[in-house]
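One structure is given here, and the rest of the page talks about it.
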């Protein structure tokens, strides 16, 4: 199995390095730096400033809390290692994308078995969208890797969901968390925090996981004959406390920095308001169009903090005054989020759309099939399909795009792999049961 995994990861790395070299060569010949210029240019500038030891801010007037620093730090590390060039960033992301495939294998093995984990890693290795997005100077690939680490730790912490009194390990049954489980809980919070440094939208998963962790323990109490279920529920509550502690400690440096720089203890960014208004305004279409930001120029007369809150106020005012349109926009965004091919005009070539859809449609159908088969295995479903449902809800409010779905597709491929194995086994059984005709 280890040898097979090695070849899968080697394939993943080879495809991603090839994509990085191809994209870099194409952009250089076209006299361009970025395939998707807006966000990429901003990330690149922030990474350059970090590498040079300059103030972490962008644009004029300066926006000091527009982006979380995780991906810019990644770019700064690449600049330190390979110089002020884009190719080293693309190659370093090829390594991050390959690591994400390995994490898919680990998560699949934890939740189902090694065979499923290996096949899921293979699907992730050859996914056209994963390979194609890897060389772009965008945070999706790094976020996917950090997201998967947090899911792996959640899977370990949730190993007793619904099984208390039904064959759980002695460690899971203890009334007080063991030292190992305390560190596991802290590590889970830290992993969620690290992912938030790349994309702050992952923040709510920590309290959601804790709520489900307590709920599943409570459900398991019905099957426990020992009479110590209240103590075990207390133990699980303590684990949740340590998850939150790990998250808080991880985000503390950024929160303290924001308190010192902008005067407010903000644990994420001050770009939530404009992003929210991007999806909820009279001109909104479900796609991103930030023209209003330059047109309004609120930063010319108010602070970054006040600007963020003003756009939040305008967004919810739009919802209150136009509830029907807000709901309609939500469906439009969900449709864009789940579209089988790219939304952006620059990626609308028929052959590219065909390649992306030809991979996505079968894998999502297999995932749906397996979700039905494993409908009572909540641990597996929540940690594989949960992330993509979570982001579907978030981007029904903000803006919708295939790009925002990509990180959550990595764990979803575990269900696709299990579904593919189930279909294969079904066909094998049918062939074995069919009569063999003799000449």
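Nothing in this text is a laboratory measurement; each read-out follows from the coordinates by a stated rule. It should be emphasised that the depicted structure is a prediction, and the values quoted were computed from it without experimental measurement. When we count neighbours, we look across all protein chains shown, and the Cβ atoms used for this are built from the backbone with ideal geometry, even at glycine.
Would you please classify the overall shape of region 58-101 from the alpha carbon gyration tensor, given that a ≥ b ≥ c denote the square roots of the eigenvalues, rounded means a/c under 1.5, and beyond that prolate means a/b larger than b/c while oblate covers the rest? It would help to have the intermediate numbers written out before the result.
On the way: a/c = 3.24, a/b = 1.72, b/c = 1.88.
Oblate, since a/c reaches 1.5 and b/c is not below a/b.
Dimensions of region 1-138 from C-alpha coordinates, computed as largest minus smallest value along each principal axis and given longest first, are 53, 34, 24 Å. Report, in whole Å, the centroid distance computed from the Cα atoms of region 1-62 and region 120-134. Using only Cα atoms, the two centres lie 16 Å from each other. Along its first, second and third principal axes, ordered by size, region 271-427 spans 66, 38, 28 Å in Cα coordinates. For the chain, modelled as a GNM whose springs connect Cα atoms under 10 angstrom apart, the maximal fluctuation among 398, 292, 34 occurs at 292.
Our note on the geometry: Cα centres of region 243-290 and region 292-332, 14 Å apart.
Within region 199-312, the proportion of C-alpha pairs whose separation exceeds 23 Å stands at 53%. Taking volume of the Cα convex hull per residue in Å³ as calculated from this structure, the corresponding entry among (1) 124; (2) 188; (3) 199 is (3).
Which shape class applies to region 263-313: rounded if a/c is under 1.5, otherwise prolate when a/b exceeds b/c and oblate if not, where a ≥ b ≥ c are the square roots of the Cα gyration tensor eigenvalues? Could the numbers behind the result be given before it?
Numbers: a/c = 2.54, a/b = 1.51, b/c = 1.68.
Verdict is oblate for region 263-313.
Neighbour counts of other Cβ atoms within 10 Å put 204, 91 in the fewest-to-most order 204, 91. Of 32, 16, the sequence from fewest to most neighbouring Cβ atoms within 10 angstrom is 32, 16. Helical content alone sets the calculated 222 nm signal of the chain at -24000 deg cm²/dmol, taking -39,500 (n - 2.57) per DSSP H segment of four or more residues and averaging over every residue.
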